[in-house]
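Okay, so here's the structure we're looking at.
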Amino acid sequence: MKQDKQTYAIIGAAMEVHSELGHGFLESVFQEALEHEFLARGIPYQREVEVPVFYKGKKLNTGFRADFICYGNIIVELKAIKELTNNEEAQVINYLKATSHQRALLFNFGSKSLEHKRIVHNYVEDDLSV
(Lines give C-alpha, C1' and ligand atoms only; values in the text may rest on other atoms or scores of the structure.)
Protein backbone atom coordinates (compact mmCIF):
# COMPACT_ATOMS: atom_id res chain seq x y z
CA MET A 1 0.00 0.00 0.00
CA LYS A 2 1.26 3.46 -0.91
CA GLN A 3 1.77 6.10 1.75
CA ASP A 4 -1.09 8.60 1.63
CA LYS A 5 0.95 11.76 1.01
CA GLN A 6 -2.10 14.00 1.12
CA THR A 7 -3.32 13.04 4.59
CA TYR A 8 0.29 12.96 5.79
CA ALA A 9 0.72 16.59 4.64
CA ILE A 10 -2.50 17.67 6.39
CA ILE A 11 -1.51 15.93 9.63
CA GLY A 12 1.89 17.64 9.49
CA ALA A 13 0.20 21.04 9.15
CA ALA A 14 -2.07 20.30 12.11
CA MET A 15 0.89 19.17 14.22
CA GLU A 16 2.66 22.45 13.46
CA VAL A 17 -0.41 24.45 14.55
CA HIS A 18 -0.72 22.50 17.80
CA SER A 19 3.02 22.79 18.44
CA GLU A 20 2.85 26.56 17.98
CA LEU A 21 -0.41 27.32 19.84
CA GLY A 22 -0.70 24.49 22.33
CA HIS A 23 -4.20 23.72 23.59
CA GLY A 24 -6.90 25.84 25.20
CA PHE A 25 -8.02 28.09 22.37
CA LEU A 26 -11.43 27.98 20.72
CA GLU A 27 -11.87 25.78 17.65
CA SER A 28 -12.16 28.89 15.46
CA VAL A 29 -8.62 29.97 16.42
CA PHE A 30 -7.20 26.60 15.42
CA GLN A 31 -9.21 26.66 12.20
CA GLU A 32 -7.79 30.03 11.19
CA ALA A 33 -4.25 28.99 12.13
CA LEU A 34 -4.60 25.76 10.15
CA GLU A 35 -5.75 27.75 7.14
CA HIS A 36 -2.54 29.82 7.37
CA GLU A 37 -0.51 26.61 7.58
CA PHE A 38 -2.29 25.12 4.54
CA LEU A 39 -1.46 28.26 2.57
CA ALA A 40 2.19 28.19 3.68
CA ARG A 41 2.52 24.52 2.69
CA GLY A 42 0.61 24.76 -0.57
CA ILE A 43 -2.12 22.39 0.54
CA PRO A 44 -5.23 23.04 -1.57
CA TYR A 45 -8.33 23.52 0.56
CA GLN A 46 -11.79 24.99 0.87
CA ARG A 47 -12.92 26.28 4.26
CA GLU A 48 -16.41 26.05 5.80
CA VAL A 49 -17.81 24.09 2.87
CA GLU A 50 -21.58 23.63 2.80
CA VAL A 51 -22.21 19.96 2.00
CA PRO A 52 -25.70 18.77 1.05
CA VAL A 53 -27.21 15.57 2.42
CA PHE A 54 -29.46 13.40 0.26
CA TYR A 55 -32.17 11.00 1.38
CA LYS A 56 -33.43 8.49 -1.20
CA GLY A 57 -32.04 10.68 -3.94
CA LYS A 58 -33.68 13.86 -2.67
CA LYS A 59 -31.61 16.74 -1.35
CA LEU A 60 -32.55 17.61 2.23
CA ASN A 61 -32.85 21.22 3.38
CA THR A 62 -30.47 20.37 6.21
CA GLY A 63 -26.88 19.62 5.31
CA PHE A 64 -23.64 20.07 7.17
CA ARG A 65 -20.64 22.35 7.02
CA ALA A 66 -17.21 20.76 6.71
CA ASP A 67 -14.43 22.69 8.45
CA PHE A 68 -12.19 22.03 5.46
CA ILE A 69 -12.13 19.92 2.34
CA CYS A 70 -8.53 19.46 1.23
CA TYR A 71 -7.29 18.24 -2.14
CA GLY A 72 -10.92 18.33 -3.28
CA ASN A 73 -11.84 15.11 -1.50
CA ILE A 74 -10.54 14.86 2.09
CA ILE A 75 -12.89 16.07 4.82
CA VAL A 76 -11.03 17.70 7.70
CA GLU A 77 -13.00 18.16 10.92
CA LEU A 78 -11.62 20.09 13.88
CA LYS A 79 -12.51 19.87 17.55
CA ALA A 80 -11.15 21.67 20.62
CA ILE A 81 -12.44 19.45 23.42
CA LYS A 82 -10.93 17.58 26.36
CA GLU A 83 -10.81 14.26 24.45
CA LEU A 84 -12.33 12.67 21.38
CA THR A 85 -15.21 10.25 21.83
CA ASN A 86 -17.03 7.87 19.53
CA ASN A 87 -19.58 10.65 18.90
CA GLU A 88 -17.10 12.82 17.00
CA GLU A 89 -15.87 9.85 14.98
CA ALA A 90 -19.46 8.84 14.17
CA GLN A 91 -20.14 12.41 13.00
CA VAL A 92 -17.23 12.25 10.54
CA ILE A 93 -18.24 8.79 9.31
CA ASN A 94 -21.72 10.18 8.59
CA TYR A 95 -20.12 13.05 6.66
CA LEU A 96 -18.31 10.50 4.50
CA LYS A 97 -21.49 8.49 3.97
CA ALA A 98 -23.35 11.64 2.91
CA THR A 99 -20.73 12.53 0.29
CA SER A 100 -18.69 10.75 -2.34
CA HIS A 101 -15.55 11.42 -0.28
CA GLN A 102 -13.72 8.40 1.08
CA ARG A 103 -11.14 9.89 3.42
CA ALA A 104 -11.43 12.17 6.43
CA LEU A 105 -9.22 13.45 9.20
CA LEU A 106 -10.52 14.28 12.65
CA PHE A 107 -8.33 16.51 14.82
CA ASN A 108 -8.69 17.46 18.46
CA PHE A 109 -6.65 20.52 19.38
CA GLY A 110 -8.10 20.67 22.91
CA SER A 111 -5.85 18.03 24.49
CA LYS A 112 -2.23 18.47 25.58
CA SER A 113 -1.08 16.36 22.65
CA LEU A 114 -2.78 16.68 19.26
CA GLU A 115 -5.26 13.84 18.77
CA HIS A 116 -5.96 12.78 15.21
CA LYS A 117 -7.83 9.98 13.49
CA ARG A 118 -7.75 9.04 9.84
CA ILE A 119 -11.13 7.68 8.81
CA VAL A 120 -11.67 5.79 5.58
CA HIS A 121 -15.02 4.79 4.08
CA ASN A 122 -15.28 2.57 0.96
CA TYR A 123 -11.80 3.63 -0.11
CA VAL A 124 -10.35 2.61 -3.46
CA GLU A 125 -6.62 3.32 -3.69
CA ASP A 126 -5.47 5.43 -6.61
CA ASP A 127 -2.53 7.71 -7.31
CA LEU A 128 -2.20 9.78 -4.12
CA SER A 129 0.69 11.90 -5.23
CA VAL A 130 0.65 15.52 -4.08
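Out of Gly42, Gly110, Gly63, I need the residue that is on the phi > 0 side of the Ramachandran plot and of a type in the set (Gly, Ala, Ser). Which one?
Gly42
Starting from the stretch 32-56, take each residue that is farther than 26 Å from Ala98 by Cβ and touching a residue at least 24 places away in the same chain (Cβ under 8 Å) and list its partners that are of a type outside the set (S, T, N, Q) and surrounded by 12 or more Cβ atoms within 10 Å (Cβ to Cβ), counting only C-beta distances under 6 angstrom and pairs at least six apart or across chains.
So the pair list comes out as Glu37/Ala13; Glu37/Glu16; Glu37/Val17; Arg41/Ala13.
Determine, yes or no, whether Ile75 is out of contact with any helix residue (DSSP H, G or I) (no Cβ under 7 Å at 6 or more places or on another chain) and without any contact (Cβ under 8 Å) to a residue 40 or more places away in the chain.
Spelling it out, it is not the case that Ile75 is out of contact with any helix residue (DSSP H, G or I) (no Cβ under 7 Å at 6 or more places or on another chain) and without any contact (Cβ under 8 Å) to a residue 40 or more places away in the chain.
If you take the residues in the stretch 1-37 that are among the acidic types (Asp, Glu) and within 18 Å of Leu105 (Cα to Cα), which one is modelled with the lowest pLDDT?
This residue is Asp4.
Only one residue in Lys82, Lys117 is surrounded by 13 or more Cβ atoms within 10 Å (Cβ to Cβ) and either among the small types (Gly, Ala, Ser) or within 27 Å of Gly24 (Cα to Cα) (or both). Which one?
Lys117
I'd like the full set of residues that are touching a residue at least 60 places away in the same chain (Cβ under 8 Å) and either within 22 Å of His101 (Cα to Cα) or in a loop (DSSP other than H, G, I, E, B) (or both), limited to the stretch 4-21.
The answer is Asp4, Lys5, Gln6, Thr7, Ala9, Ile10, Ile11, Ala14.
Looking only at residues that are in contact with a Lys or Arg (Cβ under 7 Å, 6 or more places away or on another chain) and under 23 Å from Tyr95 (Cα atoms) in the stretch 11-48, which one is surrounded by the most Cβ atoms within 10 Å (Cβ to Cβ)?
Ala13
Can you pull out the residues in the stretch 38-69 that are aliphatic (A, V, I, L, M) and either more than 15 Å from Ala104 (Cα to Cα) or in contact with a helix residue (DSSP H, G or I) (Cβ under 8 Å, 6 or more places away or on another chain) (or both)?
Answer for the stretch 38-69, where residues must be aliphatic (A, V, I, L, M) and either more than 15 Å from Ala104 (Cα to Cα) or in contact with a helix residue (DSSP H, G or I) (Cβ under 8 Å, 6 or more places away or on another chain) (or both): Leu39, Ala40, Ile43, Val51, Val53, Leu60, Ala66.
What are the residues in the stretch 51-90 that are modelled with pLDDT under 95, hydrophobic (A, V, I, L, M, F, W, C) and in contact with a Pro (Cβ under 8 Å, 6 or more places away or on another chain), if any?
Hit for the stretch 51-90 is Leu60, nothing else.
Residues being outside any loop (DSSP other than H, G, I, E, B), in contact with a His (Cβ under 7 Å, 6 or more places away or on another chain) and over 20 Å from Gln6 (Cβ atoms): count how many of those fall in the stretch 69-115.
Qualifying residue count for the region: 1.
The values are calculated or read from the model by the stated rules, or taken from the named source; none is laboratory data. For clarity, every value in this text was computed on a predicted model and none was experimentally measured. Virtual Cβ from ideal backbone geometry, glycine too; neighbours counted across all protein chains shown.
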